[in-house]
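K.L.:
The structure under discussion is supplied below as structure tokens; questions concerning it will follow.
The values are calculated or read from the model by the stated rules, or taken from the named source; none is laboratory data. Everything numeric in this text was worked out from a predicted model, so none of it was measured. We place every Cβ from the backbone using ideal geometry, glycine too, and count neighbours over all the protein chains shown. Ligands, DNA and RNA are excluded from the accessible area calculation, which covers all protein heavy atoms including side chains. Shrake-Rupley method; radii C 1.70, N 1.55, O 1.52, S 1.80 Å.
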Amino acid sequence: MRRHLAILLIVLVCGTGPAAADQRAPALGLDRLFAWMDRARTDPEEKKRLGIYLRQVIGQAMAEDRQSGRPTICAAPGQGQFDAVDFWRYASARVPGPAAQSRMDAAVMILQFVRHQNPCR
């Protein structure tokens, strides 16, 4: 079944502020992330919480990149955008079906997508 998502663009202020790097994002299945993204289309509070979650996931990965000296995400802080429609297409093509999506860690898929969109050359 095709999901219809309005475009949700969230500017990722990665690596800034405590929500970005100092806190771990809670574990979440990809199916639950899709449902959350759908709610965020119409609920400003859900959109805000989703933005915080994305900044936590991506900010932590970027902080780990800096510590390792081997960056895997190359977007300037505040310059990356997360397009929910593009993400949904990317993720659902790689993990089709609700059963597989419920077992897939959303953070892993988010990072794969962000690395795909912002590769280091």
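K.L.:
Just for the stretch 54-72: of the residues that are crowded, with 20+ Cβ neighbours inside 10 Å and of a type in the set (A, V, I, L, M, F, W, C), which one is farthest from Leu33 (Cα to Cα)?
P.N.:
Filtering first and then ranking leaves Met62.
K.L.:
Residues of the stretch 3-24 being open to solvent by 70 Å² or more (accessible area, probe 1.4 Å), assigned to a loop (DSSP other than H, G, I, E, B) and at pLDDT below 50, which ones?
P.N.:
Hits for the stretch 3-24 are Arg3, His4, Ile7.
K.L.:
So, Met109, is that one among the aliphatic types (A, V, I, L, M), open to solvent by less than 30 Å² (accessible area, probe 1.4 Å) and either modelled with pLDDT under 90 or in contact with a Pro (Cβ under 9 Å, 6 or more places away or on another chain) (or both) or not?
P.N.:
When the stated conditions are applied, Met109 does not pass them.
K.L.:
Sticking with this structure for a sec: Any chance you could count how many residues in the stretch 80-101 are open to solvent by 60 Å² or more (accessible area, probe 1.4 Å) and either hydroxyl-bearing (Ser, Thr, Tyr) or in contact (Cβ under 8 Å) with a residue 24 or more places away in the chain (or both)?
P.N.:
Adding up the residues that qualify gives 3.
K.L.:
If we keep just the residues of the stretch 25-48 that are of a type in the set (Lys, Arg) and touching a residue at least 12 places away in the same chain (Cβ under 8 Å), which is surrounded by the most Cβ atoms within 10 Å (Cβ to Cβ)? Lay out the reasoning, then the answer.
P.N.:
Of all residues in the stretch 25-48, those of a type in the set (Lys, Arg) come to 32, 39, 41, 47-48.
Restricting the remaining residues to those that are touching a residue at least 12 places away in the same chain (Cβ under 8 Å) gives 32, 41, 47.
Numbers: Arg32: 13, Arg41: 14, Lys47: 18.
Looking at residues that are of a type in the set (Lys, Arg) and touching a residue at least 12 places away in the same chain (Cβ under 8 Å), I get Lys47.
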